[in-house]
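Here's the structure, in structure tokens; my notes come after.
None of the figures in this text is laboratory data; all of them are computed from the coordinates on show. The shown structure was predicted, so the numbers you read here are calculated from the model rather than taken from an experiment. Here the Cβ positions follow ideal geometry from the backbone for every residue, glycine too, while neighbour counts run over all protein chains shown.
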Amino acid sequence: MKKVDTLIVGDGFAAMFLSLELLAKGKTVALYSEQRKGASRVSAGMVNPVVLKKFTTFDNALPQIEKLRSVLSYLLELSGVDTIVEQPLHRIFHDAREKTLWLEKATQEPLSTFLSEEIIQLPGVLNPHGSGKVLHSFRVDVEAFFFAMEVVLGSRDMLFCEHFSYDELHADQSCYKDVYFTNLVFAQGHHGALNPFFPNLHIHPNKGHHLKVRLDSPVDLLVKKKHFLFPLSEGYHYYGGTYDRTERMEKIDEKAVGQLTEGLKEFYAQDFSVEEVGFGFRPTVRDRRPLLGASKEYPNFYVFNGLGARGLLNGAWYAQVLSDHLLTGKEIPLHARWERFDF
Ligand SMILES: Cc1cc2nc3c(=O)[nH]c(=O)nc-3n(C[C@H](O)[C@H](O)[C@H](O)COP(=O)(O)OP(=O)(O)OC[C@H]3O[C@@H](n4cnc5c(N)ncnc54)[C@H](O)[C@@H]3O)c2cc1C
């Protein structure tokens, strides 16, 4: 028999940020990972405070970035693994109109905090209208992040590499198999849509593909035109990801692969080969806010979901919101409560 403060179901950014938050407060966790590649593990790892279609930003973007940086320093302290890649993001302009809009927004609040006024000509890529730098942006090395988390949780016997089955949960006794818990948090990404304790969870899967490519001449930059391109190790590059709200099949969609190869050709004039294709389902919500809070029937069962397309930017922030609620009873703001659509 084992006793933990919090049992966490899931192994993506939501589950990992919450476990770090709880560890920092001296609490114990048991985290269940079914070892499938969810959205977090295929993500680009971009920490980007700007919507790069319309050049708008989000509430609290800067404090969210600061929170994430402090959590990643804590992870470095615990694991010895540095997961931050200090490479700023550059947006390649499609046309002169976009460049003008960028320059306009760069001089006005709130975008002046995030858009550089300097227009740059990037080497190695086609950018006849120039490119703009997103200030405060950086990248998380996703593979290193999950490696570090496995080191931290594994060395504390807090990682259970198995599927969590609802059939083996004794809800009334707060016990799963032989593990007794004070709280249970479901952080299952798009799989949360089928969770019996949170019926009608407003999760809409949004499928995203990315490519692992080898470029004839490497590009040592983090750039975005339609999608993100940046170097990985061993001469590979990441290019992605697509968005598709309708496709639900657990297999590669050739249409998305075609979209990506065409997108890359738009600004990379040399040859490249596609070495690998990955995909995942973003857990998105209509109003682009997360879903947090307790079950109506079991008050010590919680959900942490709905991180959408920006699990890195908002995940660490909302992990703290949930952890404060679990540990001190601090209220979860209405905009983030999972039942808000029922009010
Ligand atoms: C192609 C692509 C690129 C992206 N790029 C970025 C980016 O650059 N920056 C950014 O911030 N966001 C990005 N995102 C979005 C980001 O990935 C999501 O916001 C984030 O992954 C959501 O995290 P999550 O933990 O809620 O879900 P997930 O990552 O899906 O994690 C949930 C996990 O729980 C596991 N699980 C579910 N049920 C069980 C069970 N019963 N037992 C055990 N395990 C279970 C699943 O296997 C899954 O691995 C991208 C997404 C995609 C698809």
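Helices from the chain with mean Kyte-Doolittle at least 0.0 and a Cα length along the axis of 15 Å or more, per DSSP H: which?
Working: long enough: 13-24 (16 Å, 1.98); 61-79 (27 Å, 0.48); 142-154 (17 Å, 1.76); 254-265 (17 Å, -0.52); 311-328 (24 Å, 0.48).
Once both thresholds are applied, what remains is 13-24, 61-79, 142-154, 311-328.
Place a label point 7 angstrom from the Cα of residue 157 along the Cα-to-Cβ direction, then list the residues of the range 9-27 whose backbone nitrogen is under 18 Å away.
23, 27
Only bridges with both residues in the chain count here: give the DSSP antiparallel percent, nearest 5.
Values: 45 of 65 bridges.
Around 70 percent of the beta bridges assigned by DSSP in the chain are antiparallel ones.
Filter the GluC sites (Glu not before Pro) in the range 48-96 down to the DSSP loop ones having no more than 13 other Cβ atoms within 10 Å, then list what survives.
Working: sites: 66, 77, 86; in loops: 86.
Passing both the DSSP loop test and the Cβ count: 86.
Sort out for me the Cα centre separation of the range 38-52 from the range 214-292, rounded to whole Å.
11
Which one, 174, 46, 129, projects farthest toward the positive side of the charge dipole computed for the chain from Cβ point charges (K/R +1, D/E -1)?
Positive-end residue among those listed: 129.
If the elastic network links every pair of Cα atoms under 10 Å, which of 255, 25, 67 fluctuates the most in the Gaussian network model of the chain?
255
Non-local amide H neighbours of residue 28 (under 5 Å, H modeled in plane, Pro and chain starts lacking H): which ones?
Under 5 Å from the amide H of residue 28 lie the amide H atoms of 5, 6, each far enough along the sequence or on another chain.
If each of residue 25 and residue 165 carries a label point 7 Å out from its Cα toward its Cβ, how far apart are those two points in nm?
Here the modelled spin labels are 3.2 nm apart.
Once amide H atoms are built 1.01 Å from N in the peptide plane, which residues 5 or more positions from residue 228, or in another chain, come under 5 Å H to H?
Distant-sequence amide H within range of residue 228: 240, 241.
For the range 204-284, with the dipole built from +1 on Lys and Arg beta-carbon atoms and -1 on Asp and Glu ones, taken about the Cα centre, which of 267, 227, 281 lies farthest toward the positive end?
Farthest towards the positive end: 281.
Evaluate the charge dipole of the range 238-300 about its Cα centre and quote only its size in Debye, nearest 20, assuming +1 on the Cβ of each Lys and Arg and -1 on the Cβ of each Asp and Glu.
Values: 10 positive and 12 negative charges, 114 e Å.
Around 540 debye, computed over the range 238-300.
Return 37, 226 ranked ascending by Cβ neighbour count within 10 Å, so the fewest neighbours appear first. Please report the intermediate quantities before stating the final value.
On the way: 37 13, 226 19.
By the 10 Å Cβ count, ascending, the order reads 37, 226.
Could you list which residues have their amide H under 5 Å from that of residue 46, counting only those 5 or more apart in sequence or on another chain, with H placed in the peptide plane?
140
Could you derive backbone 3J(HN,Hα) for the range 234-242 from the dihedral phi with the Karplus parameters 6.51, -1.76 and 1.60 (θ = phi - 60°), listing whole Hz in sequence and x where the residue is Gly or Pro?
6, x, 8, 10, 9, 9, x, x, 7
Looking at the chain as a GNM with Cα springs under 10 Å, which of 235, 306, 130 has the largest mean-square fluctuation?
Among 235, 306, 130, the largest GNM mean-square fluctuation belongs to 235.
For the range 1-106, what is the charge dipole size about the Cα centre, in debye to the nearest 20, if Lys and Arg each add +1 at the Cβ and Asp and Glu each add -1 at the Cβ? Please report the intermediate quantities before stating the final value.
Working: 15 positive and 12 negative charges, 54 e Å.
Magnitude of the dipole: close to 260 debye.
Using alpha carbons only, how many angstrom separate the centre of the range 121-184 from the centre of the range 327-342?
So the two Cα centres are separated by 22 Å.
How large is ³J(HN,Hα) for each residue in the range 128-141, as worked out from phi by the Karplus curve 6.51 cos²θ - 1.76 cosθ + 1.60 (θ = phi - 60°), to whole Hz, x for Gly and Pro?
x, 9, x, 9, x, 9, 8, 6, 6, 7, 7, 10, 9, 6
Using unit Cβ charges (K, R positive; D, E negative) and no other charged atoms, how large, in debye to the nearest 20, is the dipole of the chain about its Cα centre? Kindly include the intermediate steps, with their values, before the conclusion.
Working: 39 positive and 43 negative charges, 151 e Å.
With only Lys, Arg, Asp and Glu charged at Cβ, the dipole is about 720 debye.
May I have the count of lysine pairs in the range 193-343 with C-alpha atoms under 20 Å apart, counting pairs 8 or more residues apart or located on different chains?
Taking the range 193-343 as the scope, the lysine pair count is 18.
Could you work out the relative contact order of the range 204-284, using alpha carbon pairs under 8 angstrom and six or more residues apart, expressed as a whole percent? Don't skip to the answer; put the middle values down first.
Numbers: 155 pairs, mean separation 38.5, N = 81.
About 48 percent, as a whole number.
Using each residue's phi in the range 36-44, evaluate 6.51 cos²θ - 1.76 cosθ + 1.60 at θ = phi - 60° and report the 3J(HN,Hα) Karplus result to the nearest Hz, with x for Gly and Pro.
With the stated coefficients, the range 36-44 comes to 9, 7, x, 4, 4, 6, 9, 6, 6 Hz.
Among 252, 92, 203, which one shows the highest mean-square fluctuation when the chain is modelled as a Gaussian network with alpha-carbon springs under 10 Å?
Among 252, 92, 203, the largest mean-square fluctuation in the Gaussian network model of the chain belongs to 252.
Modelling each spin label as a point 7 Å along the Cα-to-Cβ direction, I'd like the residue 300/residue 73 distance in nm, to one decimal.
It works out to 3.5 nm between the two label points.
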